Amino acid sequence: MITLKSQREIEAMDESGALLANVHVALRDIIKPGITSWEINEFAHKYIEDHGAIAEQIGFEGYEYATCVSINDEICHGFPSKKKVLKNGDLIKVDMVVNLKGAMSDSCWSYIVGEGTPETEKLMDVTKKALYLGIEQAQVGNRIGDIGHAIQTFVEKEGFSVVREFIGHGIGPTMHEAPSVPHYGEAGKGLRLKEGMVITIEPMVNTGTWKSKMDGNGWTARTKDGGISCQFEHTLAITKDGPRILTEQKN
């Protein structure tokens, strides 16, 4: 069932999203060569709790961490680890869900550790642009397929591929709600978007094949060919005035 949010609920989710966005902004200063993915997780966890919120991912279907920290060929759901020491040129994705007084927000952001290669820089630029192209299509009366089509056509034109197995979703009152929001598809197809829907758009874009394989932990997905993967994600509300991004980083 798709829940349409009231203005009051959207305002509460906006407050949650602002907190989450501030975590990502703060991470810019600590992500550097030599830090571990565990330290990133602990920083984010403490930041969330210090601001009166809950790291909602902990306990979700048995997941144990406040964040997912996925490195290079890891597409998503990478486990933070004291053994994963970041090195210059790594591309990492930090994904988290914040619950602030019952209001949910979800955002993943990508970071280059130190200095990246031209290919990595381009991958990040294309992925971020694809996210905002998808958001532009999140208009009342448009269809889910319009979002995916805008993302897929742009990404493939730039020589990259869009992951199929992991997609966006509705959010609130729980972490994962209907509808599903693929980052590929046909324009004019799929569910029609209505005012009050709150969804995530979160394209995962690879340098090689879009196909993935699963690690033995049953959570972490990585590219089948070892290519690098990038992701950017926002939570947004569908409003009569256009999409309202609830996790936008203000600075």
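For segment 7-121, what does the relative contact order come out to in percent, with C-alpha contacts under 8 Å and a separation of six or more?
Relative contact order, segment 7-121: 31 percent.
Mind putting a number on the dipole of segment 1-135 about its Cα centre? Charges go on the C-beta only, +1 for Lys and Arg and -1 for Asp and Glu, and I need it in Debye to the nearest 20.
160 debye
Between Asp50 and Lys129, what is the label-to-label distance in nm when each label sits 7 Å out along the Cα-to-Cβ direction?
Modelled inter-label distance: 3.7 nm.
Would you mind checking Lys83/Lys128; Lys5/Lys82; Lys87/Lys128 for any pair whose Cα atoms are more than 32 angstrom apart?
The answer is Lys5/Lys82.
Just the number, please: carbon plus sulfur as a percent of the accessible area of the chain, 1.4 Å probe, no ligands or DNA/RNA counted.
51 percent
Pairs of Cα atoms under 8 Å, at least six residues apart: use those to get the relative contact order of the chain, whole percent.
RCO, the chain: 23 percent.
Need the full-extension length gain, Arg8 to Tyr63, defined as separation in residues times 0.36 nm minus the C-alpha distance. One decimal, nm.
16.8 nm
Please name whichever of Thr3, Gly52, Phe79 sits farthest to the positive end of the charge dipole of the chain, dipole taken about the Cα centre and charges placed at Cβ: Lys and Arg +1, Asp and Glu -1.
It is Thr3.
If you put +1 on each Lys and Arg Cβ and -1 on each Asp and Glu Cβ, how big is the dipole of segment 153-251 around its Cα centre, in Debye rounded to 20?
140 debye
Using 0.36 nm per residue, how much length does the chain from Thr36 to Gln249 gain when fully extended, once their Cα-Cα distance is taken away?
Net length gain for the segment: 74.3 nm.
Can you give the FRET efficiency for Val140 and Met214, using 1/(1 + (r/R0)^6), R0 = 45 Å, r = Cβ-Cβ distance, to the nearest 0.05?
Calculated transfer efficiency: 0.75.
Using amide H atoms built in the peptide plane, which far-off residues or other-chain residues are under 5 Å from Ile75 H to H?
For Ile75, the qualifying residues are Ala221, Arg222, Thr223.
Per-residue HN-Hα couplings for segment 86-102, Karplus 6.51 cos²θ - 1.76 cosθ + 1.60 at θ = phi - 60°, whole Hz, x for Gly and Pro?
6, 10, 4, x, 5, 10, 10, 10, 10, 10, 8, 10, 10, 10, 10, 6, x
Just one of (1) 46, 43, 35; (2) 58, 36, 35; (3) 50, 42, 37 is Cα extents along the principal axes in Å as worked out from the coordinates here. Which one is it?
Calculated Cα extents along the principal axes in Å: the matching label is (1).
Need one word for segment 160-221: rounded, prolate or oblate. Basis is the Cα gyration tensor (sqrt eigenvalues a ≥ b ≥ c); a/c below 1.5 gives rounded, then a/b vs b/c decides.
oblate
The values are calculated or read from the model by the stated rules, or taken from the named source; none is laboratory data. These numbers were taken from a predicted model, which means no experiment stands behind them. Every residue, glycine as well, gets a Cβ built from its backbone with ideal geometry; the counts of neighbours run over all protein chains shown. Just the protein is used for accessible areas: all its heavy atoms, side chains included, with ligands, DNA and RNA removed. Shrake-Rupley method; radii C 1.70, N 1.55, O 1.52, S 1.80 Å.
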